[in-house]
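Everything below concerns the one structure shown next.
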Amino acid sequence: MSGYRLSDGGLTDRGTTLRFSFDGTAMSGHSGDTIASALLANGVRIVGRSFKYHRPRGLWGAWVEDPNGIVDVAWNGRTTPNLRATTEPLINGQEVRSVNAAPTAAGDRWRKLDLVSRFLPAGFYYKTFMWPRWERYEPRIRALAGLGRLDPGHEPAADCAQVNARCDLLVVGAGPAGLAAARAAAARGETVLLVDDQDAPGGALRWRGGTIAGSDWRDWAEDAVSTIKAAGGRVLFRTTAYGVYDHGLVCAWRRREAGPDQLWRIRPGRTLLAAGAIERPLTFADNDRPGVMSADAALRYLRLYAVVAGRRIAVATNNDAAYPVAAALAQAGADVSVLDSRDDSLAMAECALAVERNTLPSAALGQEDLTGVLAGDLRLEADTLLVSGGWTPTIHLWRHAGGGLRYDERLAAFLPEGGMPAMRVAGAANGAFGLAAALADGHAAGGDDGPAPPVGEGHASYAIRPAWPDPAGSGRAWIDQQSDVTVKDVALAAREGFRSVEHLKRYTTLGMATDQGKTSNMAGLAAMASITGRAIPEVGTTTFRPPYVPVPLPVIAGRRRGQLFNPPKRLELEGRHREAVAGLREYGGWLRPSWYGADGAAAIDAEARAARRAVGLLDASPLGKIEVIGPDAAALLDFECYNRVSTLKVGRARYVLMLTEAGIVYDDGVVMRLAEDRFIVSCSSAHVAGVRMRLEEWRQDRFDPARVFIHDATAHWATIAATGPKSRDLLEATLPALPRQALDLAHMAVTETALDDAPLRIARVSFTGERSYELSVPQSAAAALWDRLTAGLATLGGCRLGLEALLILRAEKGYPIIGKDTDGLTMPHDLGMTGPMKKREDEFAGRRALFTPQARGADRRQLVGLAVDESAEPLPTGAHGYAPSGGRRRSIGYVTSSYLSPELGRPIALALIENGRERLGERIPLVHLDATFEAMVTSPVAYDPAGMRLDA
Amino acid sequence: MQLFPCPFCGLREETEFHFAAEAGKARPEPAGQVSDDGWAKYLYFQDSPKGRSREIWVHLACGEFFVMTRDTVTHEVTGSEALSGRSR
Amino acid sequence: MIRRYSAWALLREGLRDHRGWQEAWRKAEPAARYDAVVIGGGGHGLATAYYLAKNHGITRVAVLEKGWIGGGNTGRNTTVVRSNYFFPESVALYDFALRLYEGLSRELNYNIMLSQRGMLIIAHSDMEMEIAARIVNAMRLSGADAELLGADEARARVPLLNDGPEARFPVHGGIWQGRAGVARHDAVAWGYARAASGLGVDIVENCEITDFLVEDGSCVGVATTRGTIRADTVGLAVAGHSSVLAAKAGFQLPVHAYALQAFVSEPVKPMLDTVVLSLGTGTYVSQSDKGELVIGGGLDRVPSYGQRGNPPMQEQVLSGLLEMLPAVGQLKLMRHWAGIVDVVPDSSPLLGPSPLPGLYLNCGWGTGGFKAIPAGGWLLAHLMATGEHHDISRPFDLDRFATGRLIDEAAGAGIAH
């Protein structure tokens, strides 16, 4: 317990006190704190436990790079797991719990697990737990793994907006390089979008400070932001550009205090990546002890939150960037000493503190908490050890975009290599370390050839001397703190042949934790390089995959939820149906009445009877109404349809099938000829878009597009079908103005007329086998027509007809529903429609495939009816017919539709049965789950086989 | 999110488009005289090139089919042209 | 002789700092000739080499891998194994694979962490329940385990399912296969590699095929970036790159390459016990032993060899996930990536002789290659060793496109897999 807050300084609002708890202990912080800074200020050392060995974990970083500060946060009655303490703002009333620890991080009951860690090296699980089977061991291991806990009662809303944005220049990172670039571009009149994941501009200037253009950096930064805005640009804080995708799209996650997070989809003309660099750890024994921290992070905690990481602080570094940290902490009152791997440097020379040269820590001392540092023979007492192993440029987005890398020996880092037309990198991300260099690099990247703003003294030197993991070092030295990967694990991977960097990652899980290896990947591949005697660039890097930081799933999912997830299509008459207490369900993408009334089963029965005895009224509006117009319309439809269309007379309609080029029945429908050069394809409601696109494809591929035109008017017209022996009476009674010849239409005839000045199309098409009229009117006239027709139902003993009753009625007639009573193998002859394939000599879609060996085979599944005893239950739909085959049962097809027929008073069924038409009269066994049945193969037509009812 | 150039509507997001086929394949006719193998080749076999690819796409919003040339690795689009009348 | 893995070996090595472990597989230099060469060091290729040696006694075998083994789709998938298919031919194939998986850890002496936690396919309407029944009955007739679950049973297996009044896709029930589950994908590649290497197989990484050697119209070997290698028989198991190599061999395949994305969330404590797929959203998900959600969905819309994800499908798959399991909205996406899959018009694999004599195919697995690895290897080994089909592979021959005898699962079952 050694972190504390100074009595003044920092950027938090000391006027507000926020109460929170950590692992049940009450604490407080200020507005402006992160959870991490508040924990540190309250003296918390152990913030969690490592994933595998349950080692104690303290804060290592101060931002997204931190591997350890992962917490579950309950607030307002809801818990959100796996929040990052270092980036999560402190809110009054938060209950913060450590993850992977119970009951508390400090008192974790699994902490002894580390004692057996020698038996649990990388990939140990591949070598054991095989007898008798993995599942014997898995539940315990599974329970031990995972980080936070999901709150089953917390269902976050789908309220994250997706914002599309364009700009001339997107600048990622509002540090010195990003600000300079954005400022220069804006000054040249470009529209700049500047995004940064912190809540204020400045980047590292915010804790490292500096003088730019002769005054405090804040003045310059403020001026830069004003310049951007004045030129029409925007600056977004708390916004993380997390991925670059094809065609230059940049996705960014924006956090907002006042509302839900947003996903920004940005299409920039150019992108400048100025995301800075991340400090690397040093690798020595027990370097994962709480109290070992990134030097830069300690400075950040000091400057932004006035929190000092410890009282007796050792700073260990291999570069100059840690010296300002040491100085600042000493000034804040800590007892600071410095260990440096180098013999001399500019910063070392200027340093007023004691510096141990040519020395780096060999071990951290202490058990659950740091007590000292061992550096060779030197033993230092310390409660805190700040380390800097150098800096790793943040070039993730550059890599997402496909940019190359080169290894720079002088900077001991991978840097962007080569150019890309739409992206470049500047500042520390580009290896331009130090304020002056970063500023100059950004300034030039922003398009300004002139001199960059001058900076004050003291930011120039870096002078890194690489200090990579030492494979020969004693003890256990951590590379990946969250995943518990040590140098020994890397050595083991190398020994076992997992030397490719991708194998290393997968075998040891290095870099696969929630921090995504931001601090561990470089050390890992440097260790592998050293162990295998290769240079670092020979080992290479793993793929940089988006997202740069874990992004909440709702941000990506957006508002697609509930009714906004594949919205169902709605009927114009939905309100009317609801008034009539319709049960609405989805059929073929449309929300349609299943039945009318509270009791579904009774309603279906009554509706089906009414349609057979009197009249049923069906909202058939989703039926396709694709107009095919022009001198070549008939020829196009001849090609599209299995049945010839050109021989159809004007005013007549024909039932057709449409086939894929593989000969499979794609859809069925009715084609109506309204004029020599004008047809309507009334395909099934689920297939309208597909049929329209097929027609377009053939039209544009093999016809003269100037001679045939396709217009899908499905959504423009409502269709109401009156079906039943009294359908004519209904029309006569409710539509007295209807011309007589419309009532007298023959079956499969069609005519156009008008009703109340609205066009009306009437077709005698039947899906029930009863006399039927399909009345189509523009949607604007639908309600009036529906009202008039429904008004006449009661007198005639008719009723509204839902889809479920219709399904029964058509099944009684053996009319198949394509996709239900057919499958993706059904050809027209399997439905008994052999005429066109025998007679037609001309080309049509799918014809050739009807003559393959398979299509002509003797074992085709054909549509038949199945009859069971009158008293039996209907066969289960989905039951399979079978034949004995070598002691087993072989499927010979299955039941596609099955109902109790109200009219016939017995079960009926349709089925696709192998060689079914030759089995007529045969009794076949069927099986559904554990039950067996027997049924007789019949014609699919169970009702009115002679078709007498059509004109009844 | 890729952007594809419809020759009629200009740049649009990829979700508005549907891939139809590789370009350059003519339907062999009279189909009745094509062998089973020949028909299978027409119907199912293709190059699936890695790199430059000429493809037929349809812009679902306007219903027009067109030829797009693009790279199947980098996803760079290098050409987009309307079908010139019939393909045969 | 390879040293066995066991708890005792771990203890012993633990006491001496694990210095005694050997290379999991030998890093072989390619020889000039082999009895058999397998192109592709993914699961299928490595399994093929293993079964060539084990089942057929052919040990002069090389596996040629252009990068690092298991680096293609074997290491990029969502690790699901299952045999919930409609056609008897498919069940025969995938259930054979599942049966081999069931004994694989002990056979290979490598824990592939097969976890048969079951798979639930959720049906959202009466009509989908009818299709579910059709599939369940078909699976049972073909000898695979399957149950038809009602709504309550489905909810009991996945308590977090969205079933409120706002749910776009209500839960009516589903298809349950208890033997389905997940396995550790990398371990399958490594386990086969180690076992094959132990039987004498050469595993050659960083060795890319530049051409095929053809004499008298037959394939007699390959030219590679590491020299020419002759072989009596050559097998091709390169998944998404099958068309590229077919072009080098001078033929086309009924294959199109697409990107298939996968997603991983941050880890949480156990909250999902099974693999679950929603027919309404097309998203499926399981929870790994580490606690991450492993999420998948449909193919990207655009044919591609780019091994990277694309936002439109991310939005679709992840919104589908949250529609299915709204509480999961508490989690963050940690990684996403894509593999290149070889999609065949009937979505069934291609197993058998290629148009070039001496070269045999194992490809076309599309989105489902991982679950088939043991069977794919076994059957390709059989083809290469005997020149003849195994009964299980016969229906998957390339000739089915000419005969019209396609094995279209989506078409037969009414469900896209």
Which ³J(HN,Hα) values, rounded to whole Hz and listed in residue order, are derived for the range C:218-227 from phi using the Karplus coefficients 6.51, -1.76 and 1.60 in 6.51 cos²θ - 1.76 cosθ + 1.60 with θ = phi - 60°, glycine and proline given as x?
10, 7, 10, x, 9, 9, 9, 5, 10, x
Exposure proxy order (Cβ contacts within 10 Å, fewest to most) of A:K229, C:K290
A:K229, C:K290
With both bridge residues required to lie in chain A, what share of the DSSP beta bridges run antiparallel, to the nearest 5%?
75
Mean-square fluctuation maximum in Gaussian network of chain C, Cα pairs under 10 Å, restricted to C:G235, C:G366, C:G291, hits C:G291
Once you average over the residues of B:69-76, how many Cβ atoms of partner chains fall within 10 Å of each Cβ?
5
From the backbone phi of the range A:586-601, what are the Karplus-calculated ³J(HN,Hα) couplings (6.51 cos²θ - 1.76 cosθ + 1.60, θ = phi - 60°) in whole Hz, Gly and Pro given as x?
9, 10, x, x, 10, 8, 10, x, 7, 6, 10, x, 6, 9, x, 4
Modelling each spin label as a point 7 Å along the Cα-to-Cβ direction, I'd like the A:R256/A:A675 distance in nm, to one decimal.
5.3
Find which of B:V34, B:I56, B:G24 sits farthest along the positive direction of the dipole of chain B, computed with +1 on the beta-carbon of Lys and Arg, -1 on that of Asp and Glu, about the Cα centre.
B:V34
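Using a 10 Å cut-off around each Cβ, can you sort C:M271, A:M130 from fewest to most neighbouring Cβ atoms? Write down the numbers at each step before the final one.
Details: C:M271 21, A:M130 25.
Least to most surrounded, the residues fall as C:M271, A:M130.
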The long-range amide H neighbours of C:A231, using H built 1.01 Å from N in the peptide plane and a cut-off of under 5 Å, are C:Y34, C:G221, C:V222
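Could you work out the relative contact order of the range A:567-634? I mean the mean sequence separation of Cα pairs under 8 Å and 6+ apart, divided by the number of residues, in percent. All intermediate terms of the calculation are to be shown ahead of the outcome.
On the way: 56 pairs, mean separation 16.1, N = 68.
Relative contact order here is 24 percent.
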Amide H to amide H, which residues 5 or more places from A:T271 or on other chains are under 5 Å from it, using H placed in the peptide plane?
A:L170, A:M423, A:R424
Unpartnered cysteines - no second Cys beta carbon under 4.7 Å - across the protein assembly as shown:
A:C160, A:C167, A:C251, A:C351, A:C641, A:C683, A:C799, B:C62, C:C207, C:C219, C:C363
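For the range A:858-951, rounded, prolate or oblate, judged on the Cα gyration tensor with a ≥ b ≥ c (square roots of eigenvalues), a/c < 1.5 rounded, else prolate if a/b > b/c?
Values: a/c = 2.52, a/b = 1.51, b/c = 1.66.
It comes out oblate by the Cα gyration axes.
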Counting sequence-distant residues (5 or more places) and residues on other chains, those with an amide H built under 5 Å from that of A:T128 are C:N111
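Using the Cα centre as the reference, give the magnitude of the dipole from point charges on the C-beta atoms of the protein assembly as shown (Lys, Arg: +1; Asp, Glu: -1; all else neutral), rounded to the nearest 20 debye. Write out the running numbers ahead of the final one.
Working: 157 positive and 165 negative charges, 329 e Å.
Roughly 1580 debye, rounded to the nearest 20.
With the cut-off at 29 Å, tell me which of the pairs C:K66/C:K371; A:K127/B:K50; A:K112/A:K505; A:K488/A:K518 have Cα atoms farther apart than that.
Details: C:K66/C:K371 23 Å; A:K127/B:K50 39 Å; A:K112/A:K505 27 Å; A:K488/A:K518 20 Å.
Pairs exceeding 29 Å: A:K127/B:K50.
To make sure I understand, if each residue's beta carbon is the centre and we count other beta carbons within 10 Å, what order do A:V116, C:V294 fall in, fewest to most? Spell out each step's value before the answer.
Working: A:V116 11, C:V294 21.
In increasing order of surrounding Cβ atoms, one gets A:V116, C:V294.
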State, as an integer percentage, the relative contact order of the range A:601-751 based on alpha-carbon contacts under 8 Å between residues 6 or more apart.
35
One finds the C-alpha centres of the range A:481-534 and the range A:799-832 to be spaced, in Å, by 61
Rounded to whole angstrom, the alpha-carbon centroid of the range C:8-60 lies from that of the range A:340-416 at a distance of 40
Quick check: the angle from helix A:688-702's long axis to the longest principal axis of chain A, C-alpha only, nearest 10 degrees?
90
Relative contact order for chain A, counting Cα pairs under 8 Å that sit 6 or more residues apart, in percent
9
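Specify whether the C-alpha gyration tensor of the range A:4-114 places it in the rounded, prolate or oblate class, a ≥ b ≥ c being the square roots of the eigenvalues: rounded for a/c under 1.5, otherwise prolate if a/b is larger than b/c and oblate if not.
On the way: a/c = 1.93, a/b = 1.58, b/c = 1.22.
Because a/c hits 1.5 or more and a/b exceeds b/c, the range A:4-114 counts as prolate.
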Please give the helix A:295-305 orientation as an angle from the longest Cα principal axis of chain A, in degrees from 0 to 90, rounded to the nearest 10.
80
How tilted is helix C:311-324 with respect to the longest principal axis of chain C? Cα atoms for both, answer in degrees (0 to 90, nearest 10).
50
Using only the Cα atoms of the range A:613-680, build the gyration tensor, take square roots of its eigenvalues as a ≥ b ≥ c, and label the shape rounded, prolate or oblate: rounded if a/c is under 1.5, else prolate if a/b is larger than b/c, else oblate.
oblate
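Can you pull out the chymotrypsin sites (Phe, Trp or Tyr not before Pro) in the range B:21-54 whose DSSP state is coil and whose Cβ has at most 16 other Cβ atoms within 10 Å? If you can, show how the numbers build up before the last one.
On the way: sites: B:W39, B:Y42, B:Y44, B:F45; in loops: B:F45.
Nothing satisfies the criteria.
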Calculated from backbone phi, Karplus (6.51, -1.76, 1.60) coupling profile of the range A:567-583 in Hz, x at Gly/Pro:
x, x, 7, 10, 7, 3, 8, 4, x, 4, 5, 5, 4, 8, 6, 6, x
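Read-outs throughout are calculated quantities, based only on the coordinates presented, and are distinct from any laboratory measurement. This one's a predicted model, so the numbers in the text were calculated from it and none came from an experiment. Backbone-built Cβ (ideal geometry, glycine too); neighbour counts: all protein chains shown.
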